[in-house]
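Input: a single structure, listed below in structure tokens.
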Amino acid sequence: MTDRLPHTLRSDALDNRERILDAARALFSADGLDVPMREVARRAGVGPATLYRHFPTKQALVADASADQLQACRAIVDEGCADPDPWRGLCMVIEKICELHALDRGFTEAFLSAYPGVTDVAAGREYTVQEVAELARRAKEAGRLRSDFVLDDLILVLMANKGIHAASAATQVKASRRFSGLVIQAFEACPRHAPLPPAARLASAPPQGLSR
């Protein structure tokens, strides 16, 4: 009995940690990083003491809750940079990163440095900026990206993308895809005005005089 007790405690502790992370991911994704720690504990079904034993600070919780998104973000950037066509790679990065951020409000806030002290996210942001800067340089040299593009433009895109609000995750993604399509046409040196992704219905009715 006593030989098995430490293993049982370790198993319980791991279960509690995973429940806390699952709750934090869900709450941060939907409501952003202002969600109180006590609400995370309540959603996870644990007491505040258990929460703080695993995550002494909110920064630690945000860092661990964002780990999967950071890995996905890095994979997107690496895929885009590996494309022999830098413009195609940059377009893919814009589309997929906008979609990733559209599904997780908390990650966007952390990535845009709205929540200080999360060093892992800050490092991921720095990596993304450096790699996209090189990709943009190559796209300019190829004559596909407008010459006055600057990296702050990409930050503006993410800030605007964060403002998209829809009734469902599917509609949120659909709206983000259309938004990134508009952005890509604005960034292209000689826009070809390719068809945009389908529009998402974000309002109950269109403004008077406009068709659906």
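Output the residues belonging to the stretch 102-118 that are open to solvent by less than 20 Å² (accessible area, probe 1.4 Å) and touching a Phe, Trp or Tyr at 6+ places or on another chain (Cβ under 6 Å). Give the derivation first.
Looking only at the stretch 102-118, we keep the residues that are open to solvent by less than 20 Å² (accessible area, probe 1.4 Å), and these are 102, 104, 106-108, 110-111, 118.
Matches in the stretch 102-118: G106 only.
Answer yes or no: is there a residue in the stretch 37-51 that is touching a residue at least 40 places away in the same chain (Cβ under 8 Å) and more than 30 Å from Q185 (Cβ to Cβ).
no
Okay, residues lined up against (1) assigned to a helix (DSSP H, G or I); (2) open to solvent by less than 50 Å² (accessible area, probe 1.4 Å); (3) touching a helix residue (DSSP H, G or I) at 6+ places or on another chain (Cβ under 8 Å):
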| residue | (1), (2), (3) |
| --- | --- |
| V40 | yes, yes, yes |
| A49 | yes, no, no |
| R53 | yes, no, no |
| L61 | yes, yes, yes |
| E79 | yes, no, yes |
| R88 | yes, no, no |
| K96 | yes, no, yes |
| L100 | yes, yes, yes |
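In the stretch 146-168, is there at least one residue being of a type in the set (S, T, Y), open to solvent by less than 60 Å² (accessible area, probe 1.4 Å), closer than 20 Å to F28 by Cβ and part of a helix (DSSP H, G or I)? Explain how you work it out, then say what you get.
First, pick out the residues of the stretch 146-168 that are of a type in the set (S, T, Y): 147, 168.
Right, trim to open to solvent by less than 60 Å² (accessible area, probe 1.4 Å) and you get 168.
With the extra rule that they be closer than 20 Å to F28 by Cβ, the set shrinks to 168.
Adding the requirement that they be part of a helix (DSSP H, G or I) leaves none.
No, every residue in the stretch 146-168 fails to be of a type in the set (S, T, Y), open to solvent by less than 60 Å² (accessible area, probe 1.4 Å), closer than 20 Å to F28 by Cβ and part of a helix (DSSP H, G or I).
Every residue in the stretch 178-191 that is more than 20 Å from P86 (Cα to Cα) and either of a type in the set (D, E) or surrounded by 19 or more Cβ atoms within 10 Å (Cβ to Cβ) (or both), please.
Keep residues of the stretch 178-191 that are more than 20 Å from P86 (Cα to Cα), which gives 178-179.
Residue satisfying the conditions is F179 alone.
Within the stretch 15-23, can one find any residue that is of a type outside the set (A, V, I, L, M, F, W, C), open to solvent by 80 Å² or more (accessible area, probe 1.4 Å) and touching a residue at least 24 places away in the same chain (Cβ under 8 Å)?
yes
Scan the stretch 63-77 for residues that are acidic (D, E) and loosely packed, with under 14 Cβ neighbours inside 10 Å and jot them down. Working first, answer last.
Initially, the stretch 63-77 is screened for residues acidic (D, E), giving 64, 68.
Of everything in the stretch 63-77, just one residue is acidic (D, E) and loosely packed, with under 14 Cβ neighbours inside 10 Å, namely D68.
Looking at A167, A123, which is the one that is farther than 24 Å from K58 by Cα and modelled with pLDDT under 95? Give the steps one after another, and end with the answer.
Working: A123 fails: farther than 24 Å from K58 by Cα.
Within the list A167, A123, the selection yields A167.
The values are calculated or read from the model by the stated rules, or taken from the named source; none is laboratory data. Keep in mind it's a predicted model, so treat the numbers as computed, not measured. Cβ atoms come from the backbone with ideal geometry, glycine included; neighbour counts cover every protein chain shown. Note: areas computed on protein heavy atoms with side chains; ligands, DNA, RNA excluded. Shrake-Rupley method; radii C 1.70, N 1.55, O 1.52, S 1.80 Å.
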